[in-house]
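Take this structure first; my questions come after.
The values are calculated or read from the model by the stated rules, or taken from the named source; none is laboratory data. Not measured: the values here are computed from a predicted model. Methodologically, a virtual Cβ is constructed for each residue, glycine included, from the backbone with ideal geometry; neighbour enumeration extends over all protein chains shown.
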Amino acid sequence: MEKQKKLRFSKALPKDNAEGSTTPYRFDVLAQLANIPARITLYELLRLSKSTREALREALANAEVFIIQIPAGPREEDVEDCLHTSQNAPCITFMADDMQVKGKHGRPLYFIEYIGSSEVSCIQVDPGSALSIMPRRVMQHLGIPTHRLSATQTTIYGFNANDTRSMGKIKLKCQIGDLKSKVTCYVIDADTSYNLLLGRPLIHRNSIVPSTLHQVMKYIDGSGKV
């Protein structure tokens, strides 16, 4: 009869590990729920397990349990990098006193502006346009040579129900009232009702809020005022 081999260990096992822990493991339901981003109704919670219902009653009875789970708000240095509107930005509103015309109308929003040192009328501000557009005749009137245009493959749709290939693009300095900005204009050889169309890129970059109803536009200047 062969002798049974005994197990040998290089190190003695700790007594606690060898015998096992007698303390029961307690599952933290609240901590687990905090890690699960989900939308759930109170009725659905009450239909869950008994331990979940007890944890819910504990949380409702002791608000501090939830306070420690709420993440801290954004730091001030992070707010500067945020793309959302600042909480301290003034509110832009339009009142009856802002109305520039009487009665109902369907007019586009036109302004007079300076492009460089030249005054140009019939400048349309259109938030429905993805580009700023200049007809060729205006470019010639301003004395801008064709060789100053940068090549582009952009095709513009909406003229005479056909697509129009841009002759090129150019960045110009423009001024409407006190607002000074640079605008990238796409030049097209087409007849238009405006001398220059200012689209969303310029509007969004300068925080402009146009109102075709009131025939005015408002914006936040560098000092944070409307």
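If the requirement is being over 25 Å from I220 (Cβ atoms) and surrounded by fewer than 17 Cβ atoms within 10 Å (Cβ to Cβ), which of these qualifies: A130, A190? Can you show your working first?
Values: A130 fails: over 25 Å from I220 (Cβ atoms).
Answer to the check: A190.
Test of understanding: among G128, G143, which residue is in the same structural domain as I188 (by TED's automatic domain parsing), modelled with pLDDT of 90 or more and assigned to a loop (DSSP other than H, G, I, E, B)?
Among G128, G143, only G143 is in the same structural domain as I188 (by TED's automatic domain parsing), modelled with pLDDT of 90 or more and assigned to a loop (DSSP other than H, G, I, E, B).
In addition: Among the residues of segment 193-226, write down those that are surrounded by 15 or more Cβ atoms within 10 Å (Cβ to Cβ) and of a type in the set (D, E, K, R).
If the condition is that a residue be surrounded by 15 or more Cβ atoms within 10 Å (Cβ to Cβ) and of a type in the set (D, E, K, R), then R200, K218 are the ones that fit.
Restricting to segment 167-226, name every residue that is hydroxyl-bearing (S, T, Y) and part of a strand (DSSP E or B). Please lay out each step first, then the result.
At the first step, the residues of segment 167-226 found to be hydroxyl-bearing (S, T, Y) are 181, 184, 186, 192-194, 207, 211-212, 219, 223.
Selection gives S181, T184, Y186, S211, Y219.
While we're on this one: Can we say V138 is surrounded by 11 or more Cβ atoms within 10 Å (Cβ to Cβ), under 20 Å from D221 (Cα atoms) and either in contact (Cβ under 8 Å) with a residue 24 or more places away in the chain or of a type in the set (G, A, S) (or both)?
no
Further, regarding this structure: Among G116, G168, which is the only one that is touching a Lys or Arg at 6+ places or on another chain (Cβ under 7 Å), among the small types (G, A, S) and either closer than 19 Å to D98 by Cβ or without any contact (Cβ under 8 Å) to a residue 60 or more places away in the chain (or both)? Spell out the reasoning first.
Values: G168 fails: touching a Lys or Arg at 6+ places or on another chain (Cβ under 7 Å).
Checking each option against the conditions leaves just G116.
Out of curiosity, is K171 closer than 24 Å to Y219 by Cβ, charged (D, E, K, R) and modelled with pLDDT of 90 or more?
For K171, the condition - closer than 24 Å to Y219 by Cβ, charged (D, E, K, R) and modelled with pLDDT of 90 or more - is met.
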